[in-house]
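Single-structure report; data block below.
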Amino acid sequence: MTSPSWYPNEVALAGRENLDMEHVARYDGKMDSSAQSELSILRRFGLNSQSTVIEFGAGTGQFTVEAARACARVVAVDVSPPMLAYLEKKLLDQDLTNVTLVNAGFLSYTHREGQADFVYSRYALHHLPDFWKAIALDRMRKLLSSGGICRLWDVVYDFNPAEATGRIEAWCSQGGASVDGEWSRAEFEEHARDEHSTFRWLLEPMIERAGFEIVEVKYAAETFDAEYVLRAD
Ligand SMILES: C[S@@+](CC[C@H](N)C(=O)[O-])C[C@H]1O[C@@H](n2cnc3c(N)ncnc32)[C@H](O)[C@@H]1O
């Protein structure tokens with residue numbers, strides 16, 4: 001089914017850098033996606049060699065590759081053609097044949113491959129404005145049966161609006177001068193200014209409204225990393 005014409009263009013919301021081949025090429029040199037510890041968490045919730053995982057915002061596929069080694073099937077969804085092309089080459093180089101790459105987004109992906117056991121997404125949901133995050137969470141919930149697990153990790157703010165200037169300024173000041181091998185101050189600023197990270201006190205009710213129970217949350221106040229394990233009601 002095609003999306004209504006009033007749905008947003010997810011590529012236009014994908015983040016300038018995610019469509020930039022130079023950023024894609026340097027991404028793995030500046031980001032460790034903790035794929036092994038992520039898999040350990042999912043194994044605690046039943047992930048095994050029979051599992052199917054749908055990943056939204058797979059990017060360069062650090063998690064995708066390790067999940068493909070651990071599971072029966074991974075569907076890696078991303079709106080960025082350069083990210084998908086980079087991941088496709090990685091999969092070919094590593095002879096991994098159980099990953100389906102899909103050029104789509106949270107709002108446009110149509111699942112055609114049987115029931116998913118897990119939904120995974122790290123650092124991608126913040127590309128959607130809040131109304132669309134709620135729609136995306138509802139769509140993610142519908143991909144799972146009752147009891148299915150969603151692992152969601154994103155940059156989420158946990159302060160009052162009156163604190164925003166000081167807290168965002170402190171966060172941006174963690175950035176360096178270079179975009180190579182580190183995250184620059186300009187990239188932190190771009191995230192705060194142009195992307196759609198939201199408040200924890202808005203996101204968590206959206207998660208619950210979509211039909212998930214928040215079974216675990218780890219929150220880092222300095223980096224704004226919110227790491228959730230969600231169980232479908
Ligand atoms: C910061 S990268 C994160 C990559 C990877 N998940 C990780 O943790 O390293 C964000 C990814 O989300 C993708 N993305 C942005 N908007 C999206 C959307 N609406 N649906 C699916 N993927 C999206 C971007 O193209 C990019 O590959």
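Read-outs: derived from the displayed coordinates by stated rules, not from any lab. What you see is a predicted model; the values in this text were computed from it and never measured. Backbone-built Cβ (ideal geometry, glycine too); neighbour counts: all protein chains shown.
Can you tally the net charge around CYS150? Count Lys and Arg as +1, Asp and Glu as -1, for every other residue whose Cβ sits under 9 Å from the Cβ of CYS150.
+3
Once the chain is represented by equal point scatterers at the alpha-carbon sites, with solvent omitted, what log10 I(q)/I(0) does the Debye formula produce at q = 0.08, 0.11, 0.17 Å⁻¹?
The calculated log intensity ratios at q = 0.08, 0.11, 0.17 Å⁻¹ are -0.28, -0.54, -1.39.
Work out, step by step, the length gained on full extension between ASP180 and ARG193: first 0.36 nm times the residue separation, then minus their alpha carbon distance; give nm to one decimal.
Separation in residues times 0.36 nm, less the Cα-Cα distance, equals 2.6 nm.
Which percentage, to the nearest 5, of the DSSP beta bridges contained in the chain is antiparallel?
Looking only at bridges with both residues in the chain, the antiparallel portion is about 40 percent.
At 7 Å along Cα-to-Cβ for each site, give me the label-to-label distance between ASP32 and THR110 in nm.
With each label placed 7 Å out from Cα toward Cβ, I get 4.2 nm.
Take the eigenvalues of the Cα gyration tensor for segment 133-233, scale each by 5, and report the square roots as semi-axes in whole Å, largest first.
29, 14, 12
Check ASP158: other-chain or 5+ apart residues with amide H under 5 Å from its amide H, H built from backbone geometry?
ARG200
So for segment 38-141, Kirkwood radius off the Cα pairs, Stokes-Einstein at 10 °C and 1.306 mPa s: how many µm² s⁻¹?
115 µm²/s
Highest GNM mean-square fluctuation, the chain, Cα pairs closer than 10 Å: which of GLY147, GLY57, GLY105?
Looking only at GLY147, GLY57, GLY105, the largest GNM fluctuation is found for GLY147.
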